[in-house]
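The values are calculated or read from the model by the stated rules, or taken from the named source; none is laboratory data. Every value quoted in this text rests on a predicted model; they were computed, and no experiment measured them. Every residue, glycine among them, receives a Cβ derived from its backbone with ideal geometry; neighbour counts consider all protein chains shown. Ligands, DNA and RNA are excluded from the accessible area calculation, which covers all protein heavy atoms including side chains. Shrake-Rupley method; radii C 1.70, N 1.55, O 1.52, S 1.80 Å.
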Amino acid sequence: MPDEKGHFGPYGGRFIAETLMEPIEELRQAYERYRDDPDFQAELESDLAHYVGRPTPLYFAQRWSEQLGGARIFLKREDLSHTGAHKINNTVGQALLAKRMGKTRLIAETGAGQHGVATATVAARLGLECVVYMGSEDIERQAPNVYRMRLLGAEVVPVTSGSRTLKDALNEAMRDWVAHVDNTFYVIGTVAGPHPYPVMVRDFQAVIGREARTQILAQLGALPHALVACVGGGSNAIGLFHPFCKDEQVALYGVEAAGLGLETGQHAASLCAGKPGVLHGNRTYLVENSHGQIMDTHSISAGLDYPGVGPEHAWLKDTGRATYVAISDEEALAAFHALTRIEGIIPALESSHALAYAMHLAPTLAPEQGIIVNLSGRGDKDINTVAKIEGISL
Amino acid sequence: MSRITERFALLREQGRKALIPYITAGDPKPQVTVPLMHALVAAGADILELGVPFSDPMADGPVIQKACERALAEGTSLLDVLAMVAEFRRDDQETPVILMGYLNPIEILGYQNFAQQAAVHGVDGLLTVDMPPEEAAPLVVACEEQGLDRIFLLAPTSSPKRIEQICALGSGFIYYVSLKGVTGASTLDVDDVSLHVANIRRHTSMPVGVGFGIRDAPSAAQIASIADAVVVGSALVKRIEQYQDSPEAIPEEVSALLRTMREAIDAAKNI
């Protein structure tokens, strides 16, 4: 747990403009009040079961495990939840909170579009206005998700400043929030931002790890040797890791996007190749230059293309509880194809980074050992990107 | 007494209100900034607010964001901004200069190193948009040690408890953000600003400056009738943008705009 001001060691905190300090404090108080409220929890659990489709399966990827040789690999199937990714766990929670706070308008930022779709989905269901900020480059990369959001009734606002990706969308959403704090709830999609977002989003995503822990004990009869999850902002990874943090024998691996290679500077690996700094309301590891300017990042996966990371990951790295590694675009693509062909599951390019690391890890372990890989989302949204790389026009 | 406090004391004696122009250092080219600073002083600026360009200026509107992008494209770093202040000081020992920006470029230098260098180069005060009092202690201490004023923002949403806390922590003057929104937003409710400024004055004897939403001479004059200082940013930066392709014209064009605000403020006082 962080301290009362939201610090994980030196990371986290609240680094925002004065105008947002009262609204964020109002949010913290509301969250503190409802997180232990039986009615709130009952409604959340009911929504997760009947709307999201939880629990998601823990699937033993037998053929893939056999081919790799070594540990048994289990996939936590977040791709099977409503809207196709883990993002919905969090937006359901935040939207229920927004409703109780009397807010009528949801805003969100999105990279790959999964968080935008999840926010637009819950807004439609609750009858709330919804505006989603998205970098214009990402709008191009993720056209199907943009259309999905519009079908759901959300306004998708293209952001043309800076690198035209997720970080700029986040800046723009913050600006909107400053201007409309009275009626607007900002649904942040990852475990970053000012306190209480990193804790709140983690708590909403921890359902992944709670389920996985029960499921692996039932299926393997033991705790797994390792957990593997991709890390952009880091919400699916924290969601899986958190309920296992006290199980010291379970190794935690967070997989960042090495893009074209860490040495090229064209990556999004803030923990593997960045430095601590302050951005988007928290202190954390950042991809920045020697003057403290935030650098443009690169990843084949729009959802990982972010120069920061959640502050709890920064702390897990410094304390050594979790290990962070990076996987290149090329390796992620290879894993994307491998899982699709061997198991009949098309993974998101984000999740493909975690899958690629599992391909390195599994052969070094024994067959009685288990690895849980978080399959954070499905790859339907990415087929245009993959096809384009292969010179196929759909 | 700091250069900022001295300046406000002098203005009070004269019965005048402070005019504080904001420009982004290095916009559109680094060599424009120092001549522009002198031109602004000649046109009636009492204190200069120099923006340190940052890649992600979250609390600023599109006008200042673009200014940051222009300055960064020219490679303007925080160290370059400090060098500009030193160059300005060679000819002007009187006019206070405040740096305004975001925390990350300062983090990279280290708080003590930054404060030391800022003082040596002739900076008088610091305003960091994304550092509320809850996180400010280490940087406040570093600035205090070097005699730099710590200017904090208050917003329409600030509670009485926060107003008290921020007034206790700040020095030089208090900067009231006149609206919920980013810099350069359009709506300015003068009655509402007046109420908030009066409320702030119950908590502090420091001068109160007002910024955000002041776009022309009439709005500058209105705010001057309420506050001790008027901060103008986006309106000037927009003028810089208009002349980005002929930078040699910028000092004259921008200071001409500032002069109309100066005249309106001084005329309003005599009504």
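Let's see how each residue does on (1) more than 21 Å from B:LEU11 (Cα to Cα); (2) of a type in the set (A, V, I, L, M, F, W, C); (3) open to solvent by less than 20 Å² (accessible area, probe 1.4 Å); (4) part of a helix (DSSP H, G or I):
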{"site": "B:ALA227", "(1), (2), (3), (4)": "no, yes, yes, no"}
{"site": "B:GLU241", "(1), (2), (3), (4)": "yes, no, no, yes"}
{"site": "B:GLU248", "(1), (2), (3), (4)": "yes, no, no, yes"}
{"site": "B:ARG262", "(1), (2), (3), (4)": "no, no, yes, yes"}
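So that you can scan it fast, the table gives a plain yes or no per residue for (1) away from chain B (no Cβ under 14 Å); (2) touching a Gly at 6+ places or on another chain (Cβ under 9 Å); (3) crowded, with 24+ Cβ neighbours inside 10 Å:
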site	(1), (2), (3)
A:GLU248	yes, no, no
A:ALA257	yes, yes, yes
A:GLN266	yes, yes, no
A:VAL278	no, yes, yes
A:ARG283	no, yes, yes
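Does region B:1-13 include one or more residues that are of a type outside the set (Ser, Thr, Tyr), touching a helix residue (DSSP H, G or I) at 6+ places or on another chain (Cβ under 7 Å) and open to solvent by less than 20 Å² (accessible area, probe 1.4 Å)? Break it down into steps so the answer makes sense when it comes.
If we filter region B:1-13 for residues that are of a type outside the set (Ser, Thr, Tyr), which is where we start, we get B:1, B:3-4, B:6-13.
Still in the list and also touching a helix residue (DSSP H, G or I) at 6+ places or on another chain (Cβ under 7 Å): none.
Looking through region B:1-13, none of the residues is of a type outside the set (Ser, Thr, Tyr), touching a helix residue (DSSP H, G or I) at 6+ places or on another chain (Cβ under 7 Å) and open to solvent by less than 20 Å² (accessible area, probe 1.4 Å).
Which condition number in (1) surrounded by fewer than 20 Cβ atoms within 10 Å (Cβ to Cβ); (2) assigned to a helix (DSSP H, G or I); (3) in contact (Cβ under 8 Å) with a residue 12 or more places away in the chain is the one that A:TRP64 fails?
Single failed check for A:TRP64: (1).
Given the condition at positive phi and either crowded, with 23+ Cβ neighbours inside 10 Å or part of a helix (DSSP H, G or I) (or both), answer yes or no: does some residue in region B:166-174 qualify?
Of region B:166-174, the ones at positive phi are B:172.
Narrowing further to those that are either crowded, with 23+ Cβ neighbours inside 10 Å or part of a helix (DSSP H, G or I) (or both): B:172.
Within region B:166-174, one or more residues are at positive phi and either crowded, with 23+ Cβ neighbours inside 10 Å or part of a helix (DSSP H, G or I) (or both).
If we keep just the residues of region B:154-165 that are among the hydroxyl-bearing types (Ser, Thr, Tyr) and closer than 24 Å to B:GLY233 by Cα, which is surrounded by the most Cβ atoms within 10 Å (Cβ to Cβ)? Break it down stepwise before answering.
Within region B:154-165, the subset among the hydroxyl-bearing types (Ser, Thr, Tyr) is B:157-159.
Narrowing further to those that are closer than 24 Å to B:GLY233 by Cα: B:157-158.
Values: B:THR157: 19, B:SER158: 23.
Within region B:154-165, the match that is surrounded by the most Cβ atoms within 10 Å (Cβ to Cβ) is B:SER158.
Can you name the number of the only condition in (1) touching a Phe, Trp or Tyr at 6+ places or on another chain (Cβ under 8 Å); (2) over 24 Å from A:SER81 (Cβ atoms); (3) away from every other protein chain (no Cβ under 14 Å) that A:TYR34 fails?
Here A:TYR34 meets the rest and fails (2).
When only residues in region B:73-111 that are facing another protein chain (nearest Cβ under 8 Å) and open to solvent by 50 Å² or more (accessible area, probe 1.4 Å) count, which is nearest to B:PHE8 (Cα to Cα)? Can you show your working first?
We begin by selecting, within region B:73-111, every residue facing another protein chain (nearest Cβ under 8 Å); these are B:77-79, B:102-109.
Next, from what is left, pick out any that are open to solvent by 50 Å² or more (accessible area, probe 1.4 Å): B:79, B:108.
Numbers: B:LEU79: 28, B:ILE108: 32 Å.
Across region B:73-111, the extreme among qualifying residues is B:LEU79.
Out of B:VAL41, B:VAL85, I need the residue that is assigned to a helix (DSSP H, G or I), β-branched (Val, Ile, Thr) and farther than 21 Å from B:THR128 by Cβ. Which one?
B:VAL41
Consider region B:60-79. How many of its residues are in contact with a strand residue (DSSP E or B) (Cβ under 9 Å, 6 or more places away or on another chain) and either outside any helix (DSSP H, G or I) or free of Cβ contacts under 8 Å to residues at least 24 places away in the same chain (or both)?
2
Mind checking which residues of region A:132-183 are more than 18 Å from A:THR104 (Cβ to Cβ), within 17 Å of the chain's Cα centre (by Cα) and away from every other protein chain (no Cβ under 14 Å)?
Those that are more than 18 Å from A:THR104 (Cβ to Cβ), within 17 Å of the chain's Cα centre (by Cα) and away from every other protein chain (no Cβ under 14 Å): A:MET134, A:ASP138, A:GLN142, A:ASN145.
Go through the residues of region B:198-215 one by one and say whether even a single one is in contact with a strand residue (DSSP E or B) (Cβ under 8 Å, 6 or more places away or on another chain), over 19 Å from B:ASP46 (Cβ atoms), within 14 Å of another protein chain (Cβ to nearest Cβ) and open to solvent by less than 20 Å² (accessible area, probe 1.4 Å).
yes
Could you list all residues from region A:330-342 that are within 20 Å of the chain's Cα centre (by Cα) and open to solvent by less than 20 Å² (accessible area, probe 1.4 Å)?
A:ALA332, A:ALA335, A:PHE336
Find the residue count for region A:288-305, including only residues that are under 18 Å from the mean Cα position of the chain (by Cα) and open to solvent by less than 10 Å² (accessible area, probe 1.4 Å). Give the steps one after another, and end with the answer.
Residues of region A:288-305 under 18 Å from the mean Cα position of the chain (by Cα): A:297-305.
In the following step, the residues that additionally are open to solvent by less than 10 Å² (accessible area, probe 1.4 Å) were identified as A:299, A:301-302, A:304-305.
Result for region A:288-305: 5.
Please work out which one of (1) surrounded by fewer than 24 Cβ atoms within 10 Å (Cβ to Cβ); (2) in contact with a helix residue (DSSP H, G or I) (Cβ under 6 Å, 6 or more places away or on another chain); (3) modelled with pLDDT of 95 or more is the condition B:PRO21 fails and give its number.
It is condition (1) that B:PRO21 fails.
Taking the criterion of being closer than 18 Å to B:PHE8 by Cβ and in contact (Cβ under 8 Å) with a residue 60 or more places away in the chain, would at least one residue in region B:130-139 satisfy it?
Step one: of region B:130-139, the residues closer than 18 Å to B:PHE8 by Cβ are none.
No, the conditions are met nowhere in region B:130-139.
Using beta carbons and a limit of 8 Å, which pairs, at least six apart or on different chains, have the first residue in region B:109-125 and on the phi > 0 side of the Ramachandran plot and the second one in a strand (DSSP E or B)?
Short answer, once both residue conditions are applied: B:GLY122/B:VAL97.
Since B:ASP60 meets every condition but one in (1) acidic (Asp, Glu); (2) within 13 Å of another protein chain (Cβ to nearest Cβ); (3) open to solvent by 20 Å² or more (accessible area, probe 1.4 Å), which condition does it not meet?
Failing condition for B:ASP60: (3).
Tell me which residues, restricted to region A:102-152, are under 19 Å from A:LYS381 (Cα atoms), modelled with pLDDT of 95 or more and open to solvent by 30 Å² or more (accessible area, probe 1.4 Å).
Residues satisfying the conditions are A:TYR147, A:ARG148, A:ARG150, A:LEU151, A:LEU152.
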